[in-house]
1. Which residues does the label zone of residue 82 cover in the stretch 125-141, counting backbone N under 14 Å from a point 7 Å along Cα→Cβ?
2. Computed FRET efficiency, Cβ-Cβ of residue 62 and residue 40, R0 22 Å: what is it to the nearest 0.05?
3. Quick one: 25, 42, fewest Cβ neighbours within 10 Å first, how do they rank?
4. With no solvent and one point on each alpha carbon, what is the Debye value of log10 I(q)/I(0) for the stretch 91-144 at q = 0.15 Å⁻¹?
5. Largest first and to the nearest Å, give the Cα extent of the stretch 2-73 along each principal axis.
6. For the chain, take the longest principal axis of its alpha carbons; what is the angle in degrees between that and the long axis of helix 101-124, to the nearest 10 within 0 to 90?
7. Can you tell which of 128, 13, 76 shows the greatest fluctuation in a Gaussian network model of the chain with Cα springs below 10 Å?
8. Gaussian network model of the chain, Cα springs within a sub-10 Å range: biggest mean-square fluctuation belongs to which of 102, 81, 69?
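Any read-out appearing in this document is the output of simple, stated calculations on the displayed coordinates, not a laboratory observation. Not measured: the values here are computed from a predicted model. All Cβ positions, glycine included, derive from the backbone under ideal geometry; neighbour counts span all protein chains shown.
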């Protein structure tokens, strides 16, 4: 969190209830089911906004956010993790053997492009990517290279 803040980035994350906030555990800091406070966590060198929602504690270094915004931003984290969970094993992001930075970038871009294509086809069929995968593997390999030509126009 210190590194992210030093870059000037804003973040929202979740904290465990035993983290020390102003030298008191988070679960002892808030007496109500909901709440928000600004202060410092142990080992964090910048001020944080703590938002309590039932038994969950959210942290952010953006002190201007409302409690609802903090919770909404954190919810998008799950969608991002699901995309990366798919990109690694299914679209080749786990192991890239390319040596140059340009080749690695192209590998990542093509994997993301493939994900977007498969996701759009799965949505058309009202399926998840996992349910659509067997249909995709049985499909004929396209002979048109237009999508590759369009992609290389950006590099």
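1. Backbone N within reach: 126-132.
2. 0.90
3. By the 10 Å Cβ count, ascending, the order reads 42, 25.
4. At q = 0.15 Å⁻¹ the computed log10 ratios are -0.53.
5. 34, 27, 16
6. 90
7. Answer for the Gaussian network model of the chain: 128.
8. 102
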